[in-house]
Every structure is written in structure tokens, then in C-alpha cells.
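Colleague: Here it is, the structure, as C-alpha cells.
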Amino acid sequence: MRKTNTQPLGAVIRQLLKEQHLESRLNDKHIVDAWPAVLGSNISQYTTALSVRNRMLYVSLSSAVLRHELFLSKQEILSALNRHVGAEVITDIVFR
């Protein structure tokens with residue numbers, strides 16, 4: 001006999017993540033994973049570290065010239081990363 005309160009598995013998992021306060025941590029991980037997909041492998045080669053804290057993405061780069069160029073495109077990168085993840089996960093990017 002089929003129950004009337006069945007839900008799709010994806011909806012149940014999203015609800016569990018939300019209840020356990022793990023949704024934001026998962027989105028932070030998605031942002032870090034999206035960096036090479038959004039910016040490409042050439043820029044990823046110069047990226048030494050990525051982390052998300054307090055809705056800010058911290059990016060360490062080994063090239064000062066690239067750091068300056070990315071700084072000039074910060075808003076476009078921010079929008080592209082959030083769009084790739086499908087949620088507004090980060091509000092700012094700090095290039096180091």
C-alpha cells in the first residue's frame with residue numbers, strides 16, 4: 001500500500017541539510033569547486049588556496065598581475081560563481 005505523504009529523495013535530503021545547518025557549508029564547498037569551472041584551468045594554475053568564511057571568498061594567487069586583473073573583474077566573477085552554484089553564497093571576494 002502506498003503512503004500519501006511520500007516525497008522525492010532530493011527534497012528529503014535538502015530538508016535534512018537545512019535542519020542540521022549543513023546547507024551553507026555545502027554551498028561553500030560548491031563555490032570552491034566551481035572556481036576552476038567558471039574561471040578555467042589557466043587561472044586555476046595560479047590559484048594556491050581557496051576558502052569561504054562569513055560569505056566571503058578568499059583567493060590566494062601566485063601572480064600579482066593576475067591578482068590585479070581579477071580584482072578589476074571582481075563583480076563579474078562573483079556573479080558567475082553564484083550563478084553557477086544557483087544561490088547567493090558569497091557577497092565578496094578577497095584576492096591575496
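The values are calculated or read from the model by the stated rules, or taken from the named source; none is laboratory data. Being a predicted model, the structure only gives us computed values, none of them experimental. Backbone-built Cβ (ideal geometry, glycine too); neighbour counts: all protein chains shown. All accessible areas refer to the heavy atoms of the entire protein, side chains included, with ligands and DNA or RNA removed. Shrake-Rupley method; radii C 1.70, N 1.55, O 1.52, S 1.80 Å.
Colleague: Suppose accessible area is computed on protein heavy atoms with a 1.4 Å probe; arrange LEU16, LEU70, LEU9 from highest to lowest. Display every interim value, and only then the final one.
Modeller: On the way: LEU16 95, LEU70 10, LEU9 125 Å².
Most to least solvent-accessible, the answer reads LEU9, LEU16, LEU70.
Colleague: Calculated FRET efficiency, GLN20 and TYR58, Cβ-Cβ r, R0 22 Å, to nearest 0.05? Provide the component values of the computation, followed by the final result.
Modeller: Details: r = 25 Å, r/R0 = 1.15.
It comes out at approximately 0.30.
Colleague: Under the Karplus relation 6.51 cos²θ - 1.76 cosθ + 1.60, θ = phi - 60°, what is the ordered set of whole-Hz ³J(HN,Hα) values for segment 34-49, x standing for Gly and Pro?
Modeller: For segment 34-49, the Karplus-derived couplings read 7, 3, x, 5, 7, 9, x, 6, 4, 6, 4, 5, 8, 8, 9, 7 Hz, x marking Gly and Pro.
Colleague: Can you compute the FRET efficiency between SER73 and THR6 using 1/(1 + (r/R0)^6), with r the Cβ-Cβ distance and R0 = 30 Å? Round to the nearest 0.05.
Modeller: On the way: r = 46 Å, r/R0 = 1.54.
According to the calculation, E is roughly 0.05.
Colleague: Another question about this same structure. Give the average over all directions of the projected area of the C-alpha convex hull of the chain, one decimal, in nm². Please list the in-between numbers first.
Modeller: Values: hull surface 30.5 nm².
With every direction weighted equally, the projected area is 7.6 nm².
Colleague: Would you mind calculating the relative contact order of the chain from Cα pairs under 8 angstrom and at least 6 residues apart, reporting the percent as a whole number? Please report the intermediate quantities before stating the final value.
Modeller: Values: 89 pairs, mean separation 26.9, N = 96.
RCO, the chain: 28 percent.
Colleague: Using Cα centres only, tell me the gap between segment 68-96 and segment 1-53 in whole Å.
Modeller: 17
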